[in-house]
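A.B. asks: Structure incoming, see below.
The values are calculated or read from the model by the stated rules, or taken from the named source; none is laboratory data. Worth saying up front: this structure is predicted, and the values here are computed from it rather than measured. Cβ placement follows ideal geometry from the backbone for every residue including glycine, while neighbour counts extend to all protein chains displayed. Heavy atoms of the whole protein, side chains included, go into the accessibility calculation; ligands, DNA and RNA do not. Shrake-Rupley method; radii C 1.70, N 1.55, O 1.52, S 1.80 Å.
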Amino acid sequence: MGFFDKFKKTFTGGDKDTGGSKEEAKEVKEDLNKGLEKSSRNIFDRISKAVAGKSQVDINILDDIEEALISSDVSLDTTIKIIDRLEARVAKDKYVNSNDVYVMVKEEMVQLLEENNVPDADWFDVPDLGPNKPYVLLVVGVNGVGKTTSIGKISNRLKWRGKEVILGAADTFRAAAIEQLEVWAKRVDIPIVKKEQGSDPAAVAYETVEKAVEGNFDVAIIDTAGRLHNKVNLMKELSKIRRVVQKVIPDGPHEVMLVLDGSTGQNAIEQAKQFMAATEVTSLTVTKLDGTAKGGVVIAIADQFKIPIKFIGVGEKLQHLQVFNKAEFVDSLFQ
Ligand SMILES: Nc1nc2c(ncn2[C@@H]2O[C@H](COP(=O)(O)OP(=O)(O)OP(=O)(O)O)[C@@H](O)[C@H]2O)c(=O)[nH]1
Ligand SMILES: [Mg+2]
């Protein structure tokens, strides 16, 4: 297998519309299982304790299951919804063997997410805007959540799908942030617009979309700083970036992706609320689900925000940024 084939292989796992093979889909699932191992063990242990010594699932043990889910970071609001469903089911089914409790919780979780949230995103792609391109993707989130690395991984996939991508280093707060995005641009082999540290992020964003139009690019991805001193500044900066983008692309930015660090559990939910109050957010990415037992938080996020989770991060490698699929996620959480 030549280098290019190997490169190609890494980026086609489970890709429905380019006909990714079964083996590749299997690798994607294995990565998901592996990434969610700790969370899965956590949730399994807690539910096991809740049903230990009981042969039958009845209303009384639902309290213990409730506690198990809350302490697995599924969050109070979402847990209550799941427990209500379980209650209705136990009342109807009368006798439920305690061994079936995992399947039951899993089914009700998937059902809840299917009903409450928006459809799963379709692979790593963006709409073809024809003469109105580029599609402008603005990536936001507090520092260290994985914005820059996610941008690198997304660009890579887009490029593999034949899209012309340009990056904008609008996180001008740290020199290292600019360099880090530059490393990704080189690695993926796409252009980057950057200015020196401390320069106006909105000016970088402006130049990025301007270059994208001139060069007929399909997608412009703008990295932003998460390290602003306070919420007011952050809000001001994001609205300024939005305004300058709109000077060039009146419909832009087409997507504002909020990146959340899943390993922070309930904090990620708080962050999401704050960002959503400060600016329009249209998609979510939840990273760092590997190495944490707090993966249950994704269930809460998927349930509570009417914004699609597009991607999840289950490791540091390129292929570890995966498309979020509700049913597969819950399945792996109960592997
Ligand atoms: N284990 C793991 N690490 C991840 C994942 N996603 C990102 N990281 C790591 O998290 C660290 C921070 O990622 P960055 O992309 O620099 O985060 P950022 O949001 O751009 O941070 P700032 O530029 O400081 O605001 C890097 O070391 C990434 O490799 C993931 O899904 N799993
Ligand atoms: Mg960064």
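A.B. asks: Based on the alpha-carbon gyration tensor of the chain, what equivalent-ellipsoid semi-axes (square roots of 5 times the eigenvalues) come out, in whole Å, largest first? Each step should come with its number before you reach the end.
C.D. replies: Numbers: eigenvalues 302, 96, 54 Å².
After diagonalising the Cα gyration tensor, the semi-axes are 39, 22, 16 Å.
A.B. asks: Scanning the chain for helices, which whole DSSP H stretches are 24 Å or more long along the axis (Cα) and average -1.0 or more by Kyte-Doolittle?
C.D. replies: Values: long enough: 76-93 (25 Å, -0.18); 231-248 (26 Å, -0.28).
The answer, listed by residue number, is 76-93, 231-248.
A.B. asks: At a 1.4 Å probe radius, carbon and sulfur cover how many percent of the accessible area of the chain?
C.D. replies: Details: 7530 of 15110 Å².
The value for the chain is 50 percent carbon and sulfur by accessible area.
A.B. asks: 7 Å from Cα along Cα→Cβ at both D100 and A88: what's the point-to-point distance in nm?
C.D. replies: 1.8 nm
A.B. asks: Something else now. So what's the net charge close to A91: Lys and Arg +1, Asp and Glu -1, counting the other residues with Cβ under 14 Å from its Cβ?
C.D. replies: Values: positive: R85, R89, K92, K94; negative: D58, D84, E87, D93, E108.
Spelling it out: positives minus negatives among the neighbours equals -1.
A.B. asks: Ignoring everything except DSSP H segments at least 4 long, calculate the 222 nm mean residue ellipticity for the chain; use -39,500 (n - 2.57) per segment, divide by total residues, nearest 500. Please report the intermediate quantities before stating the final value.
C.D. replies: Working: 13 runs with 171 residues, N = 335.
After summing the helix terms and dividing by the residues of the chain, the value is -16000 deg cm²/dmol.
A.B. asks: Under a plain spin-label model, where a point goes 7 Å from the Cα along Cα-to-Cβ, how far apart in nm are I80 and Q274?
C.D. replies: Each label point is offset 7 Å from its Cα along the Cβ direction, giving 2.4 nm.
A.B. asks: Rounded, prolate or oblate: which fits region 37-116, taking a ≥ b ≥ c as square roots of the Cα gyration tensor eigenvalues, rounded meaning a/c under 1.5, else prolate when a/b beats b/c? Please report the intermediate quantities before stating the final value.
C.D. replies: Numbers: a/c = 1.60, a/b = 1.08, b/c = 1.48.
Since a/c reaches 1.5 but b/c is at least a/b, the shape of region 37-116 is classed as oblate.
A.B. asks: A further question follows. If DNA, RNA and ligands are ignored and the probe is 1.4 Å, what is the ranking of R46, R157, R243 by accessible area, most exposed first? Can you show the working numbers first?
C.D. replies: Numbers: R46 90, R157 10, R243 135 Å².
Accessible-area ranking of R46, R157, R243, largest first: R243, R46, R157.
A.B. asks: Something else about it: In a Gaussian network model over the chain where Cα atoms closer than 10 Å are linked, find which of G291, G265, G53 has the largest mean-square fluctuation.
C.D. replies: The residue that fluctuates most here is G53.
A.B. asks: Can you tell me how region 190-335 classifies by the Cα gyration tensor, rounded, prolate or oblate, using a/c under 1.5 as the rounded cut?
C.D. replies: Working: a/c = 2.10, a/b = 1.69, b/c = 1.24.
It comes out prolate by the Cα gyration axes.
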